Amino acid sequence: MSVTTAWLALVALMIGPGMAVPAAPQPAGTLVVGLVAEPVNLDPAQVTDLNSNRVGRRIVETLATFPDESTQIVPGLAESWTVSKDGLRYTFKLRKGISFHDGTPLNAEAVKFSIERQINAEHPFNKLGKYPFANYFFGNVKAVEVVDPSTVEFVLKEPRASFLAILTAGAASIVSPTAVKKLGVDYALQPVGTGPFRYVAWDRGQRVVLERNAQYWKSPVKVERVIYRPIVEDQARLTELLTGALDLIVGTPPDFVAQLENNPKVTLLKQVGAHVWYLGINNQKKPFDDKRVRQALNYAVNKEAIVRDVLKGTGSMSAGPVLPGTWGADAGLKPYPYDPERARKLLADAGYPGGFTTSMWVPESGSGMQSPVAMATVMQSNLKAVGVNVTLQTFEWGAFIAKLRSKEQELFALSWMAGNEDPDMVMYPLLHSSQWTPGGPNRALYKSDTFDELLHQARLTTDQAKRAELYRQAQRILADDPPWIFVDHEIQTAVHSKRVQGFKLHPSFDLRVETISLK
């Protein structure tokens, strides 16, 4: 019996309805969470991955936010706001009496500091790190002005319909200026914010520890301490949950979703969110600069088989970057069908009748990456069948993200959580030409002047129907001129022990453990 088969048999017994799960209770008040990869950075302005975000957003907060189970924008650290008639001035009234974890006050100066350190190259703390989303999030900000200690105003260069949505993002988090000045580059390793938990420790490769903020302004936090443990291997993460070493895991192994749903000893949750998983293509490298080649790759990959056999129904096939069923999606678009013959013809038309050789970079695990190696292996086989010979190269998550800044990639597996349903939050950062890596997250180096202009026009109007039509036109451009191999949209899953009470998945993929109490 192989190691994998033996493990499958063991877990089948452990999760069977008639078997007791061996318990190793955590200390009272301590919640232990299994992540699919270690956080990379806890400075919210520098974060590019979901695991860092899921930990860091317990520490820092934003002016605007989402309520539980919704992506409707509501007040956060700001109790209210007004927008000028010309759409160029957003004025925020801050909640009074809120302090950062270091005891210093939340005020308008802190808001100004948090944003300007990212966008002003002359700011004394701009050089402490890289701010990969600063251009996308705040490139339209002309100034951040302090009106009085509890009033701050953002002045924009031109209207932007998605600006409030931007202010819910991690990079818009308000940090303690005092802590940044004191810690310097180490702020990224021990952040200070206003959130429900305060930073305690980070043992590299082992755990990140947070403790309850007893002075939290919003509501009492019932969990005393949260320990986040990075466990890359799906099987190990599930085993530790079932034996009591973990209370909550994300990235549930698809093979066990059906059995876990019927197990009375754990609770499995599912939630559709604004996520897309894609195989990126470097549009600037030959032969990928020919759209016929990129079309061929889309026809060559059997996405239906990946969703059915690898993801076991925890994903839905993708026709583009925007989640189907949301207000900006084009309902008329269909996923590229699996058609190897058409793929071969397109390759021949493009001058590659015998195919070609290339490489595919894949993370071992990572935020929103589902089952990256298994998915990539299927795609490697599909592409070989049409003459494209692919060498897989796997990387640890942090090293993978760093390597993508080199522009040397050919094919690469990646995903994106938009945070909310506004198409600007996925199409602009990933595909607008102003967002090319390393300055932004357009790692496919895609460029289309017509596409860029549609996205720009969609920002200038607040009429959602007009915006939706512009985004539908942009999606049709991508369908014909694909920058990626479109694969799937994840149906996020999490499993927790019965001692965990009150936890809910959020459509933004945020992991809100502050709602939890422990039985």
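Values quoted throughout were computed directly from the atomic coordinates according to the rules given, and no laboratory measurement underlies them. A quick note: this is a predicted structure, and the numbers were derived from the prediction, not measured. Neighbour counts are summed over all protein chains in view; Cβ atoms, including those assigned to glycine, are modelled from backbone coordinates with ideal geometry.
Observations on the structure shown:
- Taking the charge dipole of segment 35-125 about its Cα centre, with +1 at Lys and Arg Cβ atoms and -1 at Asp and Glu Cβ atoms, the residue from SER80, THR65, GLY103 reaching farthest to the positive side is SER80.
- Our coupling estimate for segment 356-373, obtained by passing each phi through the Karplus curve with A = 6.51, B = -1.76, C = 1.60 and θ = phi - 60°, is 6, 10, 8, 10, 10, 8, 9, x, 5, 7, x, 5, x, 8, 6, 10, x, 5 Hz, Gly and Pro reported as x.
- Among ILE516, ILE98, the ranking by other beta carbons within 10 Å of each residue's beta carbon, starting with the fewest, stands as ILE98, ILE516.
- Spatial extent of segment 220-352: Rg and Dmax, with the Cα atoms as the point set, Å: 20.1, 65
- 12 Å beta-carbon shell around LYS466, net charge (K/R +1, D/E -1): +1
- Computed FRET value (nearest 0.05) for ALA214 with ASN262, which takes r as the C-beta separation and R₀ as 35 Å: 0.30
- Neighbour cut-off at most 13 other Cβ (10 Å), DSSP loop, trypsin sites (Lys or Arg not before Pro), segment 98-187: LYS157
- Taken along the Cα-to-beta-carbon direction at a fixed 7 Å, the label points for GLN284 and LYS384 span 3.2 nm.
- Relative contact order for the chain: 20 percent, from Cα pairs under 8 Å spaced at least 6 residues apart, divided by residue count.
- Sorted by Cβ density within 10 Å, fewest first, the residues ASP102, ASP424: ASP102, ASP424
- Dipole magnitude (debye, nearest 20) for the chain, charges at Cβ of Lys, Arg, Asp, Glu: 420
- Segment 50-184: C-alpha gyration tensor shape, a/c 1.5 cut-off, then a/b vs b/c: rounded
- Extension gain for LYS519 to SER433 (0.36 nm times residue separation, less C-alpha to C-alpha distance): 25.9 nm.
- DSSP-defined beta bridges in the chain - what % are antiparallel, rounded to 5: 75
- Equivalent-ellipsoid semi-axes of segment 404-497, from the Cα gyration tensor, Å, largest first: 23, 20, 13
- Average silhouette area of segment 275-490, convex hull of alpha-carbon atoms, in square nanometres: 10.8
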